[in-house]
Amino acid sequence: MRKILSGAFALISYSSLAAPAFAAIDAGVKTPAGATVIPPETTIGQVVGFLVAFIIVIAFLAALLFIVIGAFQWITSGGDKQKVADARNHIIAAVIGLIIIALSFVIINVVLQALGLGDLRNLKILTLPEFK
């Protein structure tokens, strides 16, 4: 498990260091005049909503990966009771994680709607002039 986590950490570290290096390469691709990467009508609320939804999706995929890892441990346990118990606990923890992720998504949306801020797809962040 430590090898998987250290490998994932190394991959994330290398990819974060590679982005500035690749940014310096001029591939000859030019952005058309007047075009931007993020449209100007995009609000901060939409960006924050996207980031929260993105984090929830990543957490969901990680929990599914842990279920697969637990299933693989169970299959390769060879009938050893301790290994089977460890694999079962691994799967149970991943399922509990999935439930927590789903509940956090629901709770976030309920709180946002109760505060009148919309939902994660269309988050309305108030500005100072709107408070008056």
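No lab work stands behind these numbers, since they all come straight from the coordinates. As the structure is a computational prediction, the values presented were derived from the model and not from experiment. Cβ placement follows ideal geometry from the backbone for every residue including glycine, while neighbour counts extend to all protein chains displayed.
Details
- Taking LEU65, LEU123, LEU98 and counting other C-beta atoms within 10 Å, the order from fewest to most: LEU65, LEU98, LEU123
- Hydrodynamic radius of region 43-132 per Kirkwood, over alpha carbon pairs, in Å: 15.3
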